[in-house]
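**Q** Pasting a structure below so you can have a look.
The values are calculated or read from the model by the stated rules, or taken from the named source; none is laboratory data. The structure displayed is predicted, hence computed values, not measured ones. So basically every Cβ, Gly included, is an ideal-geometry build from the backbone, and we count neighbours across all protein chains shown.
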Amino acid sequence: MSKPTIYRHWPNRLAIAIDAFAERMAGQVPLADTGSARADLVEQVRRVAGFWSAEAGGVFAQLMGAATLDPQAAAQLRDRFYAARRAETGRLWQRAVDHGLARPGVDAGTAIDLLFGPIVFRLLVGHAPYSPDAAAVLAETALDGLLSRTEVADDRQR
């Protein structure tokens with residue numbers, strides 16, 4: 001493929017990298033379906049952390065850093081990568097809502113930020129591990145705060 005052909009589809013190299021990263025992650029990190037709304041959310045956080053624990057984490061950190069300097073790249077990162085991932089994870093949150101596990105008033109966006117934000121922060125700052133096991137602990141802790149106390153106790157007994 002020639003450069004003009006490539007740049008008809010992508011405005012710059014960073015846009016190509018964002019699309020490639022989004023495709024790779026979509027193929028390697030499928031949506032969890034364990035049969036339990038709570039377990040699905042924890043497993044999804046674990047899977048994302050596992051993907052980022054490999055070289056993909058460094059690539060993701062670089063894409064995020066570059067996007068802070070380029071508003072067009074930031075928009076593409078939001079539209080091409082985050083929007084799709086957040087929509088998928090929103091379906092997992094909706095399962096928790098449908099099963100009566102979610103605290104009233106907690107929307108999917110807030111839940112996703114609380115579940116995945118800590119591993120992004122750990123990835124970027126490096127102050128603590130963001131391994132799948134560490135991410136699962138973070139997710140469990142966040143869910144304990146997001147889910148009603150009665151449902152937390154009932155779900156853990158299952």
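**Q** Scan segment 29-39 for residues that are part of a helix (DSSP H, G or I) and either crowded, with 20+ Cβ neighbours inside 10 Å or in contact with a Phe, Trp or Tyr (Cβ under 6 Å, 6 or more places away or on another chain) (or both) and jot them down.
**A** Selection gives ALA37, ARG38.
**Q** Any chance segment 31-54 includes a residue that's over 19 Å from GLY126 (Cβ atoms) and β-branched (Val, Ile, Thr)?
**A** Yes - at least one qualifying residue is present in segment 31-54.
**Q** All but one of (1) closer than 20 Å to PRO30 by Cα; (2) more than 11 Å from the chain's Cα centre (by Cα); (3) free of Cβ contacts under 8 Å to residues at least 12 places away in the same chain hold for VAL97, so report the exception by its number.
**A** Of the numbered conditions (1) closer than 20 Å to PRO30 by Cα; (2) more than 11 Å from the chain's Cα centre (by Cα); (3) free of Cβ contacts under 8 Å to residues at least 12 places away in the same chain, the odd one out for VAL97 is (1).
**Q** Answer with yes or no whether ALA26 is within 30 Å of GLU140 (Cα to Cα), modelled with pLDDT of 90 or more and in contact with a His (Cβ under 6 Å, 6 or more places away or on another chain).
**A** no
**Q** Now a separate question. Going residue by residue through segment 19-33, is there one that turns out to be touching a Lys or Arg at 6+ places or on another chain (Cβ under 8 Å) and over 28 Å from ASP133 (Cβ atoms)?
**A** Scanning segment 19-33, I find at least one residue that is touching a Lys or Arg at 6+ places or on another chain (Cβ under 8 Å) and over 28 Å from ASP133 (Cβ atoms), so the answer is yes.
**Q** Restricting to helices (runs of 4 or more DSSP H) lying wholly in segment 60-150: which have 3 or more residues that are surrounded by 14 or more Cβ atoms within 10 Å (Cβ to Cβ), in contact with a helix residue (DSSP H, G or I) (Cβ under 6 Å, 6 or more places away or on another chain) and of a type in the set (A, V, I, L, M)?
**A** Correct list: 108-125, 132-146.
**Q** Which of the residues belonging to segment 5-28 are within 15 Å of the chain's Cα centre (by Cα) and exposed (fewer than 14 other Cβ atoms within 10 Å of the Cβ)?
**A** The answer is GLU23, ARG24, GLY27, GLN28.
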